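The values are calculated or read from the model by the stated rules, or taken from the named source; none is laboratory data. Everything quoted here is computed from the prediction, not taken from an experiment. Reconstructed Cβ throughout: ideal geometry from the backbone, glycine too, with neighbour counts over all protein chains shown. For the accessible areas, the whole protein counts, side chains as well, though only heavy atoms, and no ligand, DNA or RNA atoms are used. Shrake-Rupley method; radii C 1.70, N 1.55, O 1.52, S 1.80 Å.
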Amino acid sequence: MQFDDILKTVGEFGKYQKTKYFLICLFGILAAFYALISVFSLYTPGHRCALADSVFNGTDTWESQSPEHLQLIEKYIPTDESGKFSKCEIFNSEGNKTECDRWVYDETERKSTVVTDLNLVCGNTFKATASSSMFMFGNLAGSMLSGIISDFLGRRKTLLIGITGSAVTSIAMSFAPEYYSFTILRFFCGVFSMTLYLTGFILGMEMIGPQHRLIVGIVINLFWATGFLLLIAIGYFIRTWKYLHLATSLPTLLFISYYWLLPESARWLLVKGRNAEAEQVILNVAKTNGKVIPTDMLSKIEEPKQVEKLSALKKAPRFLCRTLVVFFNWFVISITYYGLSFNSGNLPGSLYVNLTISAVAEVIGYFLCFLCFVSGRKATHVVAMIIGGLAIISSVPVLYLFQGSEDQKNIIFIVLNNIGKVGITIGFAVIYFWSAEIFPTVLRNSLMGISSTFARVGSIFAPVIADLAKIVPSKHSSMLPPLIFGIFTISAGLLSFILPETTDKVLPETIAEANVFPKKLENKENEMMDKTKEYFESTKI
């Protein structure tokens, strides 16, 4: 008897699991706060060189204060081909162009950001991008370390570390005096926030039966999208980055109470030989769900099957090829999802409107991914990725070939980007459980961990690609982000044609089975159905 068989007896998703899983889903909101807050804190507003104190008495502002002020701006600030004021150059007293070291900023959208406080513009633009990438480096480290720590200390203690560390580092960022301390803190915030999210997710999945894991996996993503929307609302009312960090991180301290509100994972307790504690957790589940279980059920649990080594993949070339395609999908989806999210701040129009549209697109995408129950994993994923990629790449000719007004061009550009966001959101949700179904039982945890690593690597590059328009000094640089994201997304969708459909299939347990999956498993499917029927008949109370 496996642990999942116990869950079938005590209730796979009863009142107990629903209550605890709701608490865990709130981590999705926190994780969205930490991952996406940089769209506000590292936002780069419009800016130009500040007039010298001797020219305007040190009171220069972005907005023109008077006709005389405007005349001085036009005299000392060069313009580009489109007539816009230069962001990085100024005429000196001798009439020669020179790079400036002081700027004035447009405060229409944000009162202050890390960029405006530390002047991370012009020659220092890369520093803002690097700070975002450092958070993603932290996510990569957290995804690798959290599993090791939670397997050693347990899920609850690891959660406590993640919660406390996320809150402390984010609060400390509000008081960071300069760029390097801010960026280092952002790295550790990435470590702790990923530890919080992944450990909470694992704890939730370990208490829920297999028949419900797919749906609840999508639900926590909806909480992430809700967190994105809440962040936008908070950011709209709190326009100073330091106060925004405090407003989104201080509530995290309330989650320390989860150490007492959430149980330790019964699966982990059994693995560690703490059977008495595991039995108490299981009895609590049964009691809350109104179920009764045999007292000797725990003694019937089978030892986990021996895990095969990754080196065995070379003996299964077909499955190895599928695995590489899955890894590529995780990389592409992560780089495109975060890239589109970060790039929302670079789109024309209102920052808050663009971010809200992007967040709503996510919500739509997560609801649409339920189509995989009807049309299957493969069709849903492939269609979403290809349509999403085509929409993103179609925004490139809009930038340069559309003959309508500027407002019409901007609307079409934003619509196409968010159609792409819907597609990549569907892909993000589907690839998670689809890849888990493709991977055999003996290597599922290891390969899912590697997949997550590819996703984290993709997220590291996402801010770099999203900011190419600012980093690359070319009038055509704005076409690079959608072009790269679109090509990657379409490629991943096309390659996914070689992946097998897993809907309503008996999943592979060994590498040999995964290599021929889904063919040649029909007899096994009938055998499994007979065993399931026998099990339920034998466990009737």
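Laid out as a table, the results:
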read-out: Test: residue 82 is free of Cβ contacts under 8 Å to residues at least 40 places away in the same chain, in a loop (DSSP other than H, G, I, E, B), open to solvent by 30 Å² or more (accessible area, probe 1.4 Å) and in contact with a helix residue (DSSP H, G or I) (Cβ under 8 Å, 6 or more places away or on another chain); value: no
read-out: Residues (of a type in the set (Gly, Ala, Ser) and in contact (Cβ under 8 Å) with a residue 60 or more places away in the chain) located in the range 87-117; value: 112
read-out: Residue selected from the range 413-422 under the condition in contact with a helix residue (DSSP H, G or I) (Cβ under 7 Å, 6 or more places away or on another chain) and closer than 13 Å to residue 395 by Cβ, by the criterion modelled with the lowest pLDDT; value: 413
read-out: So residue 287, is it outside any loop (DSSP other than H, G, I, E, B), open to solvent by 40 Å² or more (accessible area, probe 1.4 Å), touching a strand residue (DSSP E or B) at 6+ places or on another chain (Cβ under 8 Å) and at pLDDT 90 or above; value: no
read-out: Residue among 116, 125 that is surrounded by 19 or more Cβ atoms within 10 Å (Cβ to Cβ) and of a type in the set (S, T, N, Q); value: 116
read-out: Of the criteria (1) open to solvent by less than 80 Å² (accessible area, probe 1.4 Å); (2) out of contact with any Phe, Trp or Tyr (no Cβ under 8 Å at 6 or more places or on another chain); (3) modelled with pLDDT under 85, which one residue 309 fails; value: (1)
read-out: Criterion: out of contact with any Lys or Arg (no Cβ under 8 Å at 6 or more places or on another chain) and either surrounded by fewer than 16 Cβ atoms within 10 Å (Cβ to Cβ) or farther than 28 Å from residue 174 by Cα (or both) - qualifying residue of 34, 76; value: 76
read-out: Residue in the range 14-21 that is assigned to a loop (DSSP other than H, G, I, E, B), touching a Cys at 6+ places or on another chain (Cβ under 9 Å) and touching a residue at least 40 places away in the same chain (Cβ under 8 Å) present; value: no
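Condition check ((1) in the same structural domain as residue 235 (by the TED database); (2) farther than 30 Å from residue 174 by Cβ; (3) in a helix (DSSP H, G or I); (4) out of contact with any Asp or Glu (no Cβ under 8 Å at 6 or more places or on another chain)) across all residues:
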{"site": "71", "(1), (2), (3), (4)": "no, yes, yes, yes"}
{"site": "93", "(1), (2), (3), (4)": "no, yes, no, yes"}
{"site": "127", "(1), (2), (3), (4)": "yes, no, yes, yes"}
{"site": "136", "(1), (2), (3), (4)": "yes, no, yes, yes"}
{"site": "146", "(1), (2), (3), (4)": "yes, no, yes, yes"}
{"site": "156", "(1), (2), (3), (4)": "yes, no, yes, no"}
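Here's the yes/no breakdown for (1) at pLDDT 95 or above; (2) hydroxyl-bearing (Ser, Thr, Tyr); (3) closer than 25 Å to residue 7 by Cβ; (4) open to solvent by 10 Å² or more (accessible area, probe 1.4 Å):
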| site | (1), (2), (3), (4) |
| --- | --- |
| 163 | yes, no, no, no |
| 169 | yes, yes, no, yes |
| 172 | yes, no, no, yes |
| 181 | yes, yes, no, yes |
| 186 | yes, no, no, no |
| 199 | no, yes, yes, no |
| 205 | no, no, yes, yes |
| 210 | no, no, yes, yes |
| 218 | no, no, yes, no |
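For (1) open to solvent by 50 Å² or more (accessible area, probe 1.4 Å); (2) assigned by the TED database to the domain that holds residue 513; (3) over 22 Å from residue 394 (Cα atoms); (4) out of contact with any Cys (no Cβ under 6 Å at 6 or more places or on another chain), each residue gets a yes or a no:
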position: 447; (1), (2), (3), (4): no, yes, yes, yes
position: 451; (1), (2), (3), (4): no, yes, yes, yes
position: 459; (1), (2), (3), (4): no, yes, yes, yes
position: 466; (1), (2), (3), (4): no, yes, no, yes
position: 470; (1), (2), (3), (4): yes, yes, no, yes
position: 477; (1), (2), (3), (4): no, yes, no, yes
